[in-house]
Amino acid sequence: MKVSGFTFIRNAVDYDYPIVEAIESILPLCDEVVVAVGQSDDATLGLIQAIASDKIRVIQTVWDDALREGGRVLAEETDKALAAVAPDSDWCIYIQGDEVLHEDGHANLKEAMQVNLHRESIDGLLLPYRHFYGSYDYVGTSSKWYRNEIRVIKPGREIFSFQDAQGFRKRPNHKLRVARVGAFMHHYGWVKEPAAMQRKQESFHKMWHDDRWVASHVVPADAYDYGRDVHQMQKFAGTHPHVMAARIQRQNWTFDTDITIDRRTSKDRFKSFCYNWLGIELGYKNYLSDR
């Protein structure tokens, strides 16, 4: 069974992406990892080339900065990386630059790939998420955060990156049928040094909106204020992926919040009840679950 990893990245240094940790977290599962490195204003290319693994294959790309609707450029870059994987791969593991796969799920993921390898009805594998906010100590629990997403697919099935690259679909526009896997993906997109987070906010919204929208919605500042966008959260009592240890030790800012305050809307409460007690997942769901 041959497994390829794929990802894309641009300006990882300026925006403090944990892309090295992301790649290292899937390397043990992969025979190769294709990294599409977009033209950057910093040392991103050197950062990727310095990773000590002969499994990594870098392709250099040019982002279409004119694509400013719905984050479409992110999907295009994902598709470029996917198109470059080895043609004889059986599975492809996708990871974004702010995601890190927990090693506790490696064995489950390996087993799921083996069990579902010859199941023609299965297009991919669905992984559960933990979304961190403000610091490495808090996870979001409101319906703002997606609970699961497709991160492993079978190549050669006309699969493409959907919308802003959060998930995948099959041509012409069909949802993938997936099997669930107990292998947690940690999302650290909202845990960055506050100055880097502010730079990301000012730049990232340009992939969805025009300059007028950005000027009126993104508050100019030297550092991002995590306290102004707090949703329902809980203290994280588990462990982080081991590849994140050094980054977590380097955290040089403080974030704290009162998790006893119930910030949920009535919709949040209803969705949480359905999911936690009835096993029913309401809201946006870009896949067809095998169970």
Would you calculate the separation in nanometres between label points at residue 281 and residue 242, each defined as 7 Å from the Cα along the Cα-to-beta-carbon direction? 2.9 nm
Which ³J(HN,Hα) values, rounded to whole Hz and listed in residue order, are derived for the range 179-186 from phi using the Karplus coefficients 6.51, -1.76 and 1.60 in 6.51 cos²θ - 1.76 cosθ + 1.60 with θ = phi - 60°, glycine and proline given as x? 9, 7, 10, x, 9, 6, 9, 9
Set 55/271; 55/235; 175/235; 144/175; 175/271; 2/206, cut-off 31 Å on Cα-Cα distance; pairs above it are 55/271; 55/235; 175/235; 2/206
Please work out the Cα center distance from the range 85-110 to the range 133-166, rounded to the nearest Å. 13 Å
Hey, if you drop one equal point scatterer on each alpha-carbon of the range 1-128 and run the Debye formula without solvent, what base-10 log of I(q)/I(0) do you get at q = 0.09, 0.16, 0.18 Å⁻¹? -0.26, -0.80, -1.00
Would you tally the net charge around residue 265, using a Cβ to Cβ cut-off of less than 13 Å, leaving residue 265 out, and scoring K and R as +1, D and E as -1? +4
Rounded to the nearest 0.05, what FRET efficiency is calculated for residue 144 and residue 88 with R0 set to 51 Å and r the Cβ-Cβ distance? 0.80
Tell me the relative contact order for the chain as a rounded percent, counting alpha carbon contacts under 8 Å between residues six or more apart. 21 percent
Protection-proxy order for peptides 90-101, 163-174, each taking the mean of Cβ atoms within 10 Å per residue, highest first: 90-101, 163-174
Quick one: dipole size for the chain, taken about the Cα centre, charges +1 on Lys/Arg Cβ and -1 on Asp/Glu Cβ, in debye to the nearest 20. 1120 debye
For every helix of n ≥ 4 consecutive DSSP H residues, a contribution of -39,500 (n - 2.57) applies; sum these over the chain, divide by its total residues, and give [θ] at 222 nm rounded to the nearest 500 deg cm²/dmol. -7000 deg cm²/dmol
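Values quoted throughout were computed directly from the atomic coordinates according to the rules given, and no laboratory measurement underlies them. Every value quoted in this text rests on a predicted model; they were computed, and no experiment measured them. Cβ coordinates were reconstructed from backbone atoms using ideal geometry, including for glycine residues, and neighbour counts include every protein chain displayed.
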